[in-house]
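One structure is given here, and the rest of the page talks about it.
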Amino acid sequence: MAEMNKEEKLDNQQNMTEEASEDKDNKADTEAKAEDNCENAEAEVNKNSEAAETDEEESAKEPAGEDEESGKKGKWKKNDKKLDALKQKNEELEDRVKRQMAEFENFRKRTEKEKSTMFEMGAKSVIEKLLPVVDNFERGLATASDDDKQDPIYEGMNLIYKQLVDELDKLGVKPIEALGEEFNPEFHNAVMQEDSDEFEEGIVCKELQKGYTYRDSVVRHSMVAVAK
């Protein structure tokens, strides 16, 4: 009896082990089937989503031509506005540059004229101070006798006088013609009138002090006597 019970127990254990292994196999098959079903479902979902995206892209492509054209027109309008603004700004800058160049040119001319005027004023001031020296040389040389003209001192004074007059001439200092000329108040300063058989009325008959011009402007008027 005891042996039979042992055999039954062994058989029962074997049956339970087989059933457990069958259950494991069934579970593995079920899990595998479930995984396959999930993969298939995911694949279908992906296909459907891809199809939906494709439909959306195609539907979006249909009005895209109009949208692109309207977008291009909008961009062109913006670019035209920017171009017009840049052209206007460029014109304003060109106008400003031209005005500044004209102002600078006027300033340059005015400055050169002022410099020239200042130079002439300074030169006239120096010339006016030198003219009495020329007058003294002329008076001294005019009073010399024939014997004095042979003196080396006279010759030296005459050479200095000529050199001074030559240098003034190079600078543009010219003597004013007076004797025998018609009286001109722009160049002559009449201090008296005299009877003259040689000159007609209104003609300079005597030069008392020589006058000079510097670059066509009078530095000193000639002091003269006019025939009446």
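Nothing in this text is a laboratory measurement; each read-out follows from the coordinates by a stated rule. Remember, predicted model here, so these are calculated numbers, not experimental data. Cβ sites come from the backbone with ideal geometry, for glycine too, and all protein chains shown count toward neighbours.
Below, the figures for the structure above:
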quantity	calculated
Charge dipole of segment 100-228 about the Cα centre (unit charges at C-beta), most positive-ward option of Ala102, Gly180, Phe119	Ala102
Too-long pairs where the Cα-Cα distance tops 25 Å, listed order kept, from Lys129/Lys162; Lys170/Lys210; Lys149/Lys170; Lys89/Lys113	Lys149/Lys170; Lys89/Lys113
Burial order of peptide ranges 205-212, 151-158, 178-185 (average beta-carbon count within 10 Å, highest first)	205-212, 178-185, 151-158
Segment 172-228, dipole about Cα centre (Lys/Arg Cβ +1, Asp/Glu Cβ -1), debye to the nearest 20	500
Segment 172-228, relative contact order in percent, only Cα pairs under 8 angstrom and at least six apart counted	45
